[in-house]
1. Only one of Gly102, Gly125, Gly92 is in contact with an Asp or Glu (Cβ under 7 Å, 6 or more places away or on another chain) and not basic (Lys, Arg). Can you tell me which?
2. Residues in the range 127-143 that are in contact with a helix residue (DSSP H, G or I) (Cβ under 8 Å, 6 or more places away or on another chain), surrounded by fewer than 22 Cβ atoms within 10 Å (Cβ to Cβ) and not basic (Lys, Arg): how many?
3. Can you find a residue in the range 55-62 that is farther than 28 Å from Arg139 by Cβ, in contact with a Ser or Thr (Cβ under 8 Å, 6 or more places away or on another chain) and not basic (Lys, Arg)?
4. Please go through the range 13-46 and give me each residue that is within 16 Å of Arg140 (Cα to Cα) and in contact with a helix residue (DSSP H, G or I) (Cβ under 8 Å, 6 or more places away or on another chain), ordered by number.
5. Hey, any hits in the range 54-67 for a residue that's closer than 24 Å to Thr8 by Cβ, over 14 Å from the mean Cα position of the chain (by Cα) and either among the hydroxyl-bearing types (Ser, Thr, Tyr) or modelled with pLDDT of 95 or more (or both)?
6. Take the conditions surrounded by fewer than 22 Cβ atoms within 10 Å (Cβ to Cβ), touching a strand residue (DSSP E or B) at 6+ places or on another chain (Cβ under 6 Å) and within 20 Å of Val112 (Cα to Cα) and apply them to Thr8. Does it pass?
Amino acid sequence: MSYSEPETIERILRETHTWAVVGASANPDRPSNDISGVLLDQGYEMIPINPRETEIHGQTVYRDLASAAEAARAAGRPVEVVDIFRRSEEAGVHVDEAIAIGAKAVWLQLGVIDEAAAERAEKAGLLVVMDRCPKVELRRLGMR
């Protein structure tokens, strides 16, 4: 199964607003820092998730997805997309968390591949993108 359908990618980028970035980093040399900044620059709400950080791009960092989702829901802006910057072998647990919080979509970054987790997400009704970068896709769609 392909988890990089252009229609799915475009739907996520055009129809969602609140993204949780699992594995976000304050280190400007890390791709997750770049993408977090791009999401903010594009007008998305970006909620960074990392147990070792406190602030990224001026945003409060949450230790885990569950606490971020709870805070976002309380503020009236539930997490819609869970963007995963973790090794492939660690991605599945975060996909399962995305399902548990009721996210609309999971986005596994370039090089992050977990077919079984993607299948679980799809069966749970989430949109799934895998092995793609939102920055590249925003540019491809003329949104950046």
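The values are calculated or read from the model by the stated rules, or taken from the named source; none is laboratory data. What you are looking at is a predicted structure, and each value in this text was computed from that prediction instead of being measured. As a convention, Cβ positions derive from the backbone with ideal geometry for all residues, glycine included, and neighbour counts pool all protein chains shown.
1. Gly92
2. Within the range 127-143, residues that are in contact with a helix residue (DSSP H, G or I) (Cβ under 8 Å, 6 or more places away or on another chain), surrounded by fewer than 22 Cβ atoms within 10 Å (Cβ to Cβ) and not basic (Lys, Arg) number 5.
3. yes
4. Leu13, Ile35, Val38, Leu39, Gln42
5. Checked against the condition, which is being closer than 24 Å to Thr8 by Cβ, over 14 Å from the mean Cα position of the chain (by Cα) and either among the hydroxyl-bearing types (Ser, Thr, Tyr) or modelled with pLDDT of 95 or more (or both), the range 54-67 yields no hits at all.
6. When the stated conditions are applied, Thr8 passes them.
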